[in-house]
Amino acid sequence: MSGGLLTNMLLRETGIEIGSERIERLRRHHTAAYKRLSADIQPLPGARELLAYLTDAEIPWAIATSGRMETARPALEALRVDWERVPVITRDQVKFAKPDPDLFLAAAARLGSDIHTSSVVGDSVWDMLAARRAPALGIGLLSGGYGQEELERAGAYRVYEDPADLLKHIDEVGGRC
């Protein structure tokens with residue numbers, strides 16, 4: 001879920017009204033806190049290996065995140081993503097974040113790929129909903145706090161423990177072996 005949707009949800013549930021200046025201040029504080037903690041970010045098991053496999057197999061891939069570049073950068077650096085060769089689509093570059101499909105549509109366009117033949121790997125129901133709306137094949141990972149049934153109800157074709165498990169079963173989702 002994008003930060004904006006989360007904020008709207010919290011405000012609706014709490015009944016608190018805040019202005020745009022306070023929202024911006026909260027966003028800045030969130031970014032600062034995230035940056036302090038980002039040194040501890042480690043890729044999920046098998047994440048680098050999965051991306052290397054896709055590259056070696058000449059399967060086009062991109063990163064599409066609801067995070068803004070300022071908060072996404074540490075994770076991308078931990079993954080060792082080569083920004084020169086790999087499209088990275090962040091919240092800054094699209095009109096709407098997940099559960100809207102804008103991020104995935106932009107990623108497919110940057111790859112020169114048809115979204116209808118693309119796969120989206122994500123760890124939240126918001127990822128799966130956005131994949132369905134694109135429409136693309138949703139592949140779930142159990143790293144986002146959602147269970148297998150939740151991800152499947154939101155549209156995941158298959159669900160794996162982590163990127164290492166996905167790589168082990170890459171043939172199930174049409175990856176070349």
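Projecting the Cα atoms of 47, 105, 57 onto the charge dipole of the chain (Cβ charges, centred on the Cα centre) puts 105 farthest toward the positive pole.
In summary, the lysines within cross-link reach of residue 168, defined as a Cα separation below 30 angstrom excluding same-chain residues under 8 places away, comprise 98.
Give a quick list of trypsin sites (Lys or Arg not before Pro) in the range 89-144 that DSSP marks as loop, anything other than H, G, I, E or B, with at most 16 other Cβ atoms within 10 Å. Passing both the DSSP loop test and the Cβ count: 95. With respect to the chain, whose longest principal axis is taken over its alpha-carbon atoms, helix 3-14 is tilted by about 50°. Using a simple spin-label model with pseudo-atoms 7 Å out from Cα toward Cβ, residue 161 and residue 32 lie 4.0 nm apart. Database remark: amide H of residue 120 closer than 5 angstrom to the amide H of 137, 138, 139 (H placed geometrically; neighbours at sequence offset of 5 or more, or on other chains; Pro and chain starts carry no H).
Computed from point charges on the beta carbon alone (+1 for Lys and Arg, -1 for Asp and Glu), the dipole magnitude for the chain about its Cα centre is near 620 Debye. Listing 55, 117 from fewest to most neighbouring C-beta atoms within 10 Å gives 117, 55. For a Förster distance of 22 Å, can you work out the FRET efficiency between the beta-carbons of residue 20 and residue 133, rounded to the nearest 0.05? So the FRET efficiency works out to roughly 0.20. Between amide H atoms placed 1.01 Å from N, distances below 5 Å from residue 64 occur with 89, all of them 5 or more places distant or on a separate chain. Charged side chains reduced to their Cβ positions (Lys and Arg at +1, Asp and Glu at -1) give the range 42-111 a dipole of some 220 debye around its Cα centre.
Here the label points at residue 7 and residue 48, each 7 Å from Cα along the C-beta direction, are separated by 3.5 nm in the simple model. Here the contact order of the range 47-173, divided by its residue count and restricted to Cα pairs under 8 Å and six or more residues apart, works out to 20 percent. Between 11, 134, 120, the Cα set farthest toward the positive side of the dipole of the chain (charges on each charged residue's Cβ, about the Cα centre) is that of 11. As a rough footprinting exposure proxy, the listed residues 16, 89 were ranked by other beta carbons within 10 Å of their own, and the order from fewest upward is 16, 89.
Coordinate-derived values only; no laboratory data. This one's a predicted model, so the numbers in the text were calculated from it and none came from an experiment. In this analysis, Cβ positions are derived from the backbone assuming ideal geometry, glycine residues included, and neighbour counts consider all displayed protein chains.
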